[in-house]
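Input: a single structure, listed below in structure tokens.
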Amino acid sequence: MRSLLSRTRIWIAVLPFLVVATCLPAQDWAKARLEKSPRHREYVTLKHDNRSVQALVVYPEVKEKATVVVLIHEIFGLSDWAKEMADELAGEGFIVIAPDLLSGAGPNGGGSSSFPDQDATVKAVSGLNPDAVMADLDAAADYGKKLPAANGKIAVAGFCWGGSKSFAFATHRKDLSAAFVFYGTGPADVTTITAPVYGFYAGNDARVGATVPGTTDAMKKAGKSYDPVTYEGAGHGFMRAGEDPGDKNPANKTARDQALDRLVKLLKEMKTASAATAGEPKQTARKADAPACHDAASSM
């Protein structure tokens, strides 16, 4: 009886930690892929005002100078997936700078990795000051433009919460060549945008999808270039879910593959900021092309 009571007490003590562990989104697959990457990665400290921001910088293995992409993480902070996404984009030929916007906001002054669980991370990201976020992104963009390996072109790409911040950054930063918004909402005022904005949305994401028509109208009225594409059957966060081995929705993988191809193509075609603003504005709302049957089967 005493032995049984002791074991019971141990389980009661350990159970809360097991619950937290099983509730956290496992991203070991992303970490493993990142560790196998041959690309050069480094962490740098970006300083502005009285603040220091940690940022991951990933370099492509290319001969010529490269375009810089400022990558804005999801509401889950600079996670293993966000780092792996940065590395994958670098593998396509771009310099990627992914600032940890939670730098200094965590326990004992830590960043994203210092929070005890997902809820704490989400709460911290949700509470970030919008002006401070813009200043951190400015620091990342300024750093990128000065890199000897950079070609002077700079774009921003954000996911989820970061998608909304990518759109907001386009209203703030005048030298962007493009802004890429993955399942993020648009800002109230779009009149100051100078770069073309490209949207990537999920068909099964009514919360964000319901805002796209209003954003399209606002961009059209302001004479801005906006090209949103919706990937039918995919859910919010498909860029992450689409490469998660445990995800059960094949449409997420299809959407991820198509969206990544589109992103890379647009980045490679991207003009300088001054040239990007020339010409007729573009506002289209369309669905992604349906995959061929063999493509659909291969994504199962």
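The values are calculated or read from the model by the stated rules, or taken from the named source; none is laboratory data. Source: prediction; values computed, not measured. All Cβ positions, even for glycine, are placed from backbone atoms using ideal geometry, and neighbour counts span all protein chains on display. Accessible surface areas use protein heavy atoms only, side chains included; no ligands, DNA or RNA. Shrake-Rupley method; radii C 1.70, N 1.55, O 1.52, S 1.80 Å.
Structure data summary
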| item | result |
| --- | --- |
| Considering residues of region 86-102 that are assigned to a helix (DSSP H, G or I) and touching a Ser or Thr at 6+ places or on another chain (Cβ under 9 Å) only, the residue farthest from residue 122 (Cα to Cα) | 91 |
| Looking only at region 160-178, and only at residues there that are of a type in the set (Gly, Ala, Ser) and closer than 23 Å to residue 204 by Cα, the one that is most open to solvent (accessible area, probe 1.4 Å) | 164 |
| Matching entry among 69, 122, 96 (being surrounded by fewer than 24 Cβ atoms within 10 Å (Cβ to Cβ), aliphatic (A, V, I, L, M) and at pLDDT 95 or above) | 122 |
| Subset tally (residues that are under 15 Å from residue 97 (Cα atoms) and touching a Lys or Arg at 6+ places or on another chain (Cβ under 7 Å)) for region 153-179 | 2 |
| Some residue of region 155-169 being over 23 Å from residue 77 (Cα atoms) and not aliphatic (A, V, I, L, M) | no |
| Residue match in region 126-147 (condition: farther than 19 Å from residue 52 by Cα and open to solvent by less than 40 Å² (accessible area, probe 1.4 Å)) | no |
| Residue in region 219-240 that is surrounded by the fewest Cβ atoms within 10 Å (Cβ to Cβ), counting only those that are under 18 Å from residue 178 (Cα atoms) and either out of contact with any helix residue (DSSP H, G or I) (no Cβ under 8 Å at 6 or more places or on another chain) or among the aromatic types (Phe, Trp, Tyr) (or both) | 223 |
| Residues of region 30-57 that turn out to be open to solvent by less than 100 Å² (accessible area, probe 1.4 Å) and closer than 21 Å to residue 133 by Cα, as a count | 11 |
| First in region 223-235 and closer than 12 Å to residue 197 by Cα, second anywhere and assigned to a strand (DSSP E or B) and open to solvent by 10 Å² or more (accessible area, probe 1.4 Å), Cβ under 6 Å, 6 or more apart | 226/283; 227/198; 229/286 |
| Residue 214 vs. criteria modelled with pLDDT of 95 or more, open to solvent by less than 40 Å² (accessible area, probe 1.4 Å) and small (Gly, Ala, Ser) | no |
| Residues within region 192-248 that are on the phi > 0 side of the Ramachandran plot and in a helix (DSSP H, G or I), tallied | 0 |
